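Beneath this line is the structure, given in structure tokens, with notes to follow.
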Amino acid sequence: MKKIFETPLYPYERPLDLDSKDDARHVVAIIGAGPVGLSMAVDLAQYGIKSVVFDDNDKVSFGSRAICFAKRTLEIADRYGFGDRLVDKGVVWNHGKVFFDERKVYDFNLLPESGHRRPAFINLQQYYYEEYLVDRARELAIDIRGKSKVTHIDQTDEEAKLLIETPDGSYGVRADWVIACDGAGSPTRSMMGLSFTGRVFEDNFLIADVVMDANFPTERWFWFDPPFNRGQSALLHKQPDSVWRIDLQLGPDVDKDEEAKPENVIPRLKAMLGDDVNFDLEWVSVYSFQCRRMEKFRHGRVFFAGDSAHQVSPFGARGANSGVQDVDNLSWKLAAFIQGHANDALLESYNDERVHGADENIINSSRSTDFITPKSEVSRLFRNAVLDLSERFEFARPLVNSGRLSVPCVYDGSLLNGVDHLEGGPHRSRPGSSCPDLPIGDGFLLDHLGGSFTLLSVNTDIPDEVDISGLRVESLQLECSDLMQERYLGAAQQAVYLIRPDQHVVARWPTYDEISLKKAVRTALGHDV
């Protein structure tokens, strides 16, 4: 049986647009059918917005690539309708270990509290994530066009124009909006003459997907200066189908083509795993990385999302996870604008909020990289001292940075945030934060949030229905539980929250007030920005 990444999932079909005298017209054109582009198409479809997806390939990506999908990404996937499928297939993990030389210096738990539907992380090959997205896109009748390469783009104040190259010739497309999700090399970015700013790191790393039966536990293991890779670092993750992901630091000034050859990879892996472990190589890549972003993620009618807008090192699993958060942020805003509920300021807020998120990721990623790959002997001595101390003293462990793992971005200071009038309210659920999950009834809170504005009340009354200038605000009234008290009330006895369609908090009050609610909704839609 062919592997998923060898099988065309959206094979080329001659488009009817080729035979049209006029350029085809679409509301939204998405460039790139990877995790970010397909997520965008699915999200928009669930808001009732049609899109067409162009990709010069016709199948999912080769190799595991992104493998760590964070809790927030799984919560977003629940809203897309395939979260269970991801978790059922993926390898669930919350624990990790850090080693220095041959010693375990400490371990950690990324989800130390109970009462969440989703784990801190699952490990799952990117091609599975893409396959499930393609299946969901098919259910929503989304138009995915394989072997369709965008070769030209320009725009006016009213529309964007694309030229699509296919095996049967080229044709033109006009779109009200374009979302560029075409990866780190982003041809769209190049065609528009746009660039990145930031840091380029010189160290090189070997990634190997290894098929083997091994007894390692389902944890993230990270080594500093291990005996099998002296002076460098290593990372081990378990994936489905008996596939293990191994990252080995190689250092600067290596021949990438030579290092990727099986005859050079296999001895490195045997040194790590032992001569008695049988394994097969499924995929190998040698890479260096960057921590950079575009200055702006919106350029007129073209938005950039995922790696086309920003790049980070792989330490911390911030690539695909941050790209999905880009989609989560942009889709509801674009839908609200198209449906006439918002003005252009809401679209501009995508740039403001996700640049904030990208900067947060870049800072964390750069710090991780600097700790893992010290740039001076003094830095190396400091790092090694921290690792030695962390084995015996808890105070040193937060200083160890083997990759601060992805957590949801909090949009502190966003112009879309409303007031915080809940005295004593928990910091974790302040305006700008994503809603913490907890059990309610037979399910979980986040099952009832997302896709629309929601008015959530705890221990106080709110109207059953709220309509603000034709925009329906859902109502959800709940009684207090111990976890609700901890995560939403804090020192307060009752609360009312306004929550955005992407499950981020807009504002909170002790009681319902119609005038305050209307103002908060206007703010969240960009009318008062």
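The values are calculated or read from the model by the stated rules, or taken from the named source; none is laboratory data. These figures come from a predicted structure and were not determined experimentally. Here the Cβ is made from the backbone with ideal geometry for all residues, glycine too, and neighbour counts use every protein chain on show.
Would you say A184 is in a loop (DSSP other than H, G, I, E, B) and either at pLDDT 95 or above or not β-branched (V, I, T) (or both)?
Yes, satisfied.
Would you mention how many residues in the stretch 236-258 are in contact with a strand residue (DSSP E or B) (Cβ under 7 Å, 6 or more places away or on another chain), at positive phi and outside any strand (DSSP E or B)?
The total comes to 1.
Looking at the stretch 262-276, which of its residues are surrounded by 12 or more Cβ atoms within 10 Å (Cβ to Cβ) and either under 14 Å from I207 (Cβ atoms) or without any contact (Cβ under 8 Å) to a residue 60 or more places away in the chain (or both)?
Hits for the stretch 262-276 are N264, V265, I266, R268, L269, K270, A271, M272.
Please tell me if V53 is under 30 Å from L16 (Cα atoms) and of a type in the set (V, I, T).
Judged against the criteria, V53 is a match.
Considering L483, L517, L498, L489, which residue is farther than 19 Å from G418 by Cα, crowded, with 18+ Cβ neighbours inside 10 Å and modelled with pLDDT of 95 or more?
Just one listed residue meets the conditions, L483.
Any idea which of R199, R230, R189 is of a type in the set (K, R) and part of a strand (DSSP E or B)?
R199
Out of all the residues in the stretch 272-295, is one or more of a type outside the set (A, V, I, L, M, F, W, C), more than 30 Å from I179 (Cα to Cα) and not in a loop (DSSP other than H, G, I, E, B)?
yes
Can you tell me which residues in the stretch 209-222 are within 30 Å of S186 (Cα to Cα) and either assigned by TED's automatic domain parsing to the domain that holds S64 or more than 22 Å from the chain's Cα centre (by Cα) (or both)?
Result: V210, single match.
Can you pull out the residues in the stretch 153-181 that are assigned to a loop (DSSP other than H, G, I, E, B) and either crowded, with 20+ Cβ neighbours inside 10 Å or on the phi > 0 side of the Ramachandran plot (or both)?
Once the filter is applied, which keeps residues that are assigned to a loop (DSSP other than H, G, I, E, B) and either crowded, with 20+ Cβ neighbours inside 10 Å or on the phi > 0 side of the Ramachandran plot (or both), the stretch 153-181 yields only C181.
Residues in the stretch 412-425: is at least one outside any loop (DSSP other than H, G, I, E, B), touching a Pro at 6+ places or on another chain (Cβ under 9 Å), of a type in the set (S, T, Y) and not assigned by TED's automatic domain parsing to the domain that holds L334?
There is no residue in the stretch 412-425 that is outside any loop (DSSP other than H, G, I, E, B), touching a Pro at 6+ places or on another chain (Cβ under 9 Å), of a type in the set (S, T, Y) and not assigned by TED's automatic domain parsing to the domain that holds L334.
Just checking, which of R367, R428, R380 is assigned to a helix (DSSP H, G or I), under 23 Å from A520 (Cβ atoms) and either under 24 Å from the mean Cα position of the chain (by Cα) or not hydroxyl-bearing (S, T, Y) (or both)?
Testing whether each residue is assigned to a helix (DSSP H, G or I), under 23 Å from A520 (Cβ atoms) and either under 24 Å from the mean Cα position of the chain (by Cα) or not hydroxyl-bearing (S, T, Y) (or both) leaves just R428.
(1) at pLDDT below 95; (2) part of a loop (DSSP other than H, G, I, E, B): which one isn't true of D307, the others all being true?
(2)
Out of curiosity, is V42 in contact with a Cys (Cβ under 6 Å, 6 or more places away or on another chain) and under 22 Å from H504 (Cβ atoms)?
Answer is no for this residue.
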